[in-house]
Every structure is written in structure tokens, then in C-alpha cells.
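Structure record follows, encoded as C-alpha cells.
The values are calculated or read from the model by the stated rules, or taken from the named source; none is laboratory data. Everything numeric here is computed off the predicted structure, so don't read it as measured data. For neighbour counting, all protein chains shown are included, and Cβ atoms are generated from backbone atoms with ideal geometry for every residue, glycine included.
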């Protein structure tokens, strides 16, 4: 009987020694390699480009934290919007916020309640919020920012020359009698 107890104690001591050695030799896990990541998704890139084309006199900021847009007296209120980010913020020439543009991605369908909460927070602070389910078309952005497509003929000429459709054609003035 004592032999069995002695063998059991030796086995237990050997397991304990192996466990201690394993803990001593264990290195800290290393971090994974860092890689570059695209700043914009494809939809965000298209929206950013369209905003820049339609609003050339404005500054467009991307991925702006709500902490930069909102302030409050109490930290418990600040905690409610701590990790929230606006997709695009449109600033005028005086660097005042004109509007906040947000895009719904596929993940936002699951978090639509969160999107409504974010929009309501920004509206309560007095911001104009424009939320689009997909990449907004040019005419949608023009309507949202109160611009007509082309206000006068010179703008139309400039736009046509930009795309070089018939840049060198001569336009004749037509006089209407009657």
C-alpha cells in the first residue's frame, strides 16, 4: 500500500514540475504583424469624390469622431457617444459645419436602431444630418445642399469642356422674331 502512495506522490510531483517548467518557459504571445488598411470603402470613396465635385468651395472631413462634434457638461452623457464616428462632415469657408453625411453599409442594417440614435444625437445638437442607404447620386447631393444642376450657361460650358464632348464647336446666336 505504501508503494502505491509513494508512486502516486512521485507522479504528482513530476506533473507539478512539468507544469511549473511549462509556465516558466512560456513566452508572452507576440502581436500580429501590422498591415496597411484602406481608409475608405468603395462606397465611401465614391461618396467622398462626389461631395468634393459638387462642393468644391467646402472642406470635406472623413471619419470624424462624435467627440469632435459634440460636447457636454457631464461625463456620463459623453460616455453615450464615445465610440461613435460620422462618415463625412461638410465645412463651409468659415469652417462651420454645414451638414453631416452618413452612409448605411450592410452592417448598419443590423444596427438601424443605433443609426437612428446617432442621427438623433446630432440633430439635438443642431446639425443637419443626411443619411443615405447607398452611394448618393449627384442630383440627390445637389438637392440636399440647395444647388441646381447648372445655374447659368457659363457653368454648362465649363462642364462640357471638362468632359471634352464638343469643346471646340462654335455656337451661333439665334435671333427669334415674332
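Quick notes on this one:
- Hey, residue 33 more than 30 Å from residue 95 (Cβ to Cβ) and free of Cβ contacts under 8 Å to residues at least 40 places away in the same chain or not: yes
- Unmet requirement for residue 36, which otherwise passes all of (1) surrounded by 10 or more Cβ atoms within 10 Å (Cβ to Cβ); (2) part of a loop (DSSP other than H, G, I, E, B): (1)
- Some residue of the stretch 111-129 being over 25 Å from residue 68 (Cβ atoms) and either in contact with a helix residue (DSSP H, G or I) (Cβ under 6 Å, 6 or more places away or on another chain) or in a loop (DSSP other than H, G, I, E, B) (or both): no
- Pairs with Cβ under 8 Å, 6+ apart, first in the stretch 124-146 and on the phi > 0 side of the Ramachandran plot and surrounded by 16 or more Cβ atoms within 10 Å (Cβ to Cβ), second in a loop (DSSP other than H, G, I, E, B) and modelled with pLDDT of 90 or more: none
- Answer residue from the stretch 72-85, given it is in a loop (DSSP other than H, G, I, E, B) and in contact with a helix residue (DSSP H, G or I) (Cβ under 8 Å, 6 or more places away or on another chain) and is nearest to residue 45 (Cα to Cα) among those: 84
- When we screen 3, 85, 100 for residues that are touching a strand residue (DSSP E or B) at 6+ places or on another chain (Cβ under 6 Å) and more than 20 Å from residue 145 (Cα to Cα), the only hit is 85.
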